[in-house]
Amino acid sequence: MSAGKNILCIGAGYVGGPTMTVIAAKCPEYRVTVVDIDKNKIEAWNSDRLPIYEPGLDELVHRTRNKNLYFSSDIEKGIREADIIFVSVNTPTKTFGQGAGMAADLQYWEKTARQILANAEGRKVIVEKSTLPVRTAAAMKRIFNGKTHDASLEVVSNPEFLAEGTAIRDLEKPDRVLIGSRETAEGIRAREEIVAIYAHWVPREKIIESNVWSSELSKLASNAFLAQRISSINSFSALCEATEADIDQVAYAIGTDSRIGPDFLKASVGFGGSCFRKDILNLVYICQGYGLDAVADYWRSVVEMNEWQEQRFVRNMLSSLFNTVAGKRIALFGFAFKANTGDTRESPAIYVARGLLEERAHVVISDPKALENARKDLEDESENVTFETDPYKAAEGAHAIAILTEWDLYKDLDYEKIFQTMVHPAFIFDGRNILDHRKLFSLGYNVFGIGKPFLKH
Ligand code: UDX
Ligand code: UDX
């Protein structure tokens, strides 16, 4: 092992795991170790049943594990041996004290910084992978400066832009890689060491270098812009339903304008995932801290529009089902926050399920990958919830089906057969607009899409 080629990643989650696997695969001369405080998670990474589902991940882990990719629980040893330390621990929204419900909870981040400090000797580059409030690197640097003996720790920001479900593809062919550092000789040297890793497979012109604050803030800004597009199109979906315009036609028409572009204009029951809500609320909190209330309100409305869209979906279900779902069996197809992942963090399905349960419905949840997480999310509601992998069984005896995740498998089900087993009149609420609504209508269903005319018998 040549000097400078020992990488450690602290945090073996949805970001740390796939990112390190791709780095190990692309950089055979580096030794990559991933550590986590959660021993069960590390055990799972070392087993045949990885802790997360991500297309293409299994194969890549099998190719690299125990060659130059290692999963371990010995964080201190990892820190001592590493030249470069990626920090990918979670930074959830604070649930207590000042900034509760908005600010980022940095306790894990700070604990990790102190753990690095306690065990580090010599020169190391620390890489912020987790999404953090702008200027966190400064705080980290201050913690590091507290050390009396010989350790030189330079903090570099390298935010992750991968989306779940396409993580491996996003990592292998990123639109760009962003690396920010201090603009001192030491900072630039550290930045170049991180550039050298990505340069193994990412074209040089796609590796963007910047100062550390721009890099931190760009991650928050990217997520805010992406979420804003969804809230914008979802606001128009409500207007479409009121005016008999069709949201897919509107999205197509505006998306062909090259200045607007076609991506992220799919109307839905709402956006979920671990990042959008958390990062925008964090941005709002930061803006308030700088006295920029108009900016804070502007971005907060993106989150509010999303909450409104989720509420609207449940309200539409309720009013269509004759204003009562009490005692009715309702099948939810999909619980993950998007297709191709088992992750349910901030999934709109959680909101919809809870809304229906509040109305005393009996909710049957089906999902090909997310049932384990769904069970945990609805632990307190186990009485009126059933979990069923087979969508045909889930729909048996149901008054309505709601599509909440855009899994391909739901497009190809035999809806004629399903119709026969449901209570009539039967309803489909397509929260992802993935089904053929006219065809379902001709089979006898009442069909409600997002931003589409309601097809009622
Ligand atoms: C990441 C980033 O950390 C987050 O800031 C970003 O916004 C989204 O992506 P993610 O990988 O999705 O989060 O989170 P998670 O899957 O929860 O992984 C974090 C891991 O860090 C967990 O496995 C947790 O056990 C571990 N951890 C947490 C530590 O190893 N040490 C700690 O002190 C805290
Ligand atoms: C997001 C960012 O895309 C990624 O760059 C960042 O690193 C982390 O946050 P992720 O949360 O994994 O990634 O998923 P993403 O594909 O962005 O989807 C977020 C949510 O928006 C999902 O619930 C998805 O279903 C929804 N969505 C997305 C829509 O409703 N409509 C769209 O057009 C696109």
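None of the figures in this text is laboratory data; all of them are computed from the coordinates on show. The model shown is predicted, which means the values in this text are computed figures rather than measured ones. Please note: Cβ atoms are built from the backbone with ideal geometry, for glycine as well, and neighbour counts cover all protein chains shown.
Restriction of the trypsin sites (Lys or Arg not before Pro) in the range 379-417 to DSSP coil positions whose beta-carbon has at most 13 other beta-carbons within 10 angstrom yields Lys411.
Might you report the magnitude of the Cβ-based charge dipole of the chain about its Cα centre, with Lys and Arg at +1 and Asp and Glu at -1, to the nearest 20 debye?
On the way: 55 positive and 63 negative charges, 132 e Å.
Taking the Cα centre of the chain as origin, the dipole is about 640 debye.
Considering every Cα-Cα pair within the range 6-202, what fraction, in whole percent, is farther apart than 21 Å? Here the long-distance tail beyond 21 Å is 50 percent of all Cα pairs in the range 6-202. Each semi-axis of the equivalent ellipsoid for the chain is √(5λ) with λ an eigenvalue of the Cα gyration tensor; in descending order they amount to 43, 24, 20 Å. Partner lysines whose Cα lies under 21 Å from the Cα of Lys219, excluding those fewer than 8 positions away in the same chain, are identified as Lys94, Lys129, Lys141, Lys173, Lys206, Lys278, Lys338.
In this structure, the amide hydrogen of Ile85, modeled 1.01 Å from its nitrogen in the peptide plane, lies closer than 5 angstrom to those of Leu8, Val125, Ile126, Val127, counting only residues at least 5 positions away or on a different chain. Summarised as an ellipsoid, the range 245-457 has semi-axes of 30, 21, 16 Å, derived from the eigenvalues of the Cα gyration tensor scaled by 5 and square-rooted, with the largest first. With both labels modelled 7 Å from their Cα along Cα-to-Cβ, the Lys39 to Glu186 distance reads 3.7 nm. Of all beta bridges that DSSP places with both ends in the range 245-457, some 5 percent have antiparallel geometry. Show me the chymotrypsin sites (Phe, Trp or Tyr not before Pro) within the range 1-100 that DSSP assigns to loop and that have at most 10 other Cβ atoms within 10 Å of their Cβ. Filter output for the range 1-100: Phe96. The chymotrypsin sites (Phe, Trp or Tyr not before Pro) of the range 311-382 that meet both conditions, a loop assignment by DSSP and at most 11 other Cβ atoms within 10 Å of the site Cβ, are Phe322. In the chain, helical runs assigned H by DSSP with n ≥ 4 each contribute -39500 (n - 2.57); averaged across all residues and rounded to the nearest 500, the mean residue ellipticity at 222 nm is -13000 deg cm²/dmol.
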